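Where a number appears in this text, it was derived from the coordinates with a stated rule and is not lab data. What you see is a predicted model, and the numbers here were worked out from it, not measured in a lab. Note that each Cβ is placed from the backbone with ideal geometry, even for glycine, and that neighbours are counted across all protein chains shown.
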Amino acid sequence: MSTPPSLDEHLCFALYSASRAITAAERPGLQELGLTYPQYLVMLVLWEADGDVTVSQIGDRLALDSGTLSPLLKRLQTLGLIERARSAEDERSVLVSLTESGAQMRMRAGCVVAAAITADTPLDAEPSHDGDEFTVDELEELRDALNRLTNVLRHKTVART
């Protein structure tokens, strides 16, 4: 029998720890917007869209089920940032659109993640070798690698079912 890897050797733990640290770093910017991180993600999807988006499209984009998404949307509607309405073509579909306030928030939101992580790092800085800072290029490379990993794992999960 082989011994299990140590906690620090687990990729999943490294991703979990990084996710928690990034969320904590983003928290002040999100608090200024009055949003939680999941609400911010929904707003990002809507800001990227050209027009109305269905609830199922938002769920697919964020890998969230309707049980998780519905309370997020309800809260965003209560905040006056979105509107929800049944589709005229298919009453089973609910369309989500930005209100004027929701659209205007985009300008204030900027890039919460990059601002939180690179606040003390010039955008043209050389890569850090002491492990205390990341350049924008390093963050983009990491994001791209994580997106590839996510796609590979999702395809493997689909293939098993």
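One table, with the values for the structure above:
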quantity	calculated
Shape category assigned to region 33-84 from the gyration tensor of Cα positions, a/c cut at 1.5	rounded
Protection proxy ranking, peptides 61-68, 133-140, average beta carbon neighbours within 10 Å, highest first	133-140, 61-68
Amide H partners (placed H, <5 Å) of L95, local residues excluded	A85, R86, S87
Per-pair calculated FRET efficiency, R0 = 30 Å: V152 and R20 via Cβ, rounded to 0.05	0.85
Environment charge at V96 (Cβ cut-off 14 Å; Lys +1, Arg +1, Asp -1, Glu -1)	0
Mean Cβ count within 10 Å, highest first, over the residues of peptides 24-31, 13-20	24-31, 13-20
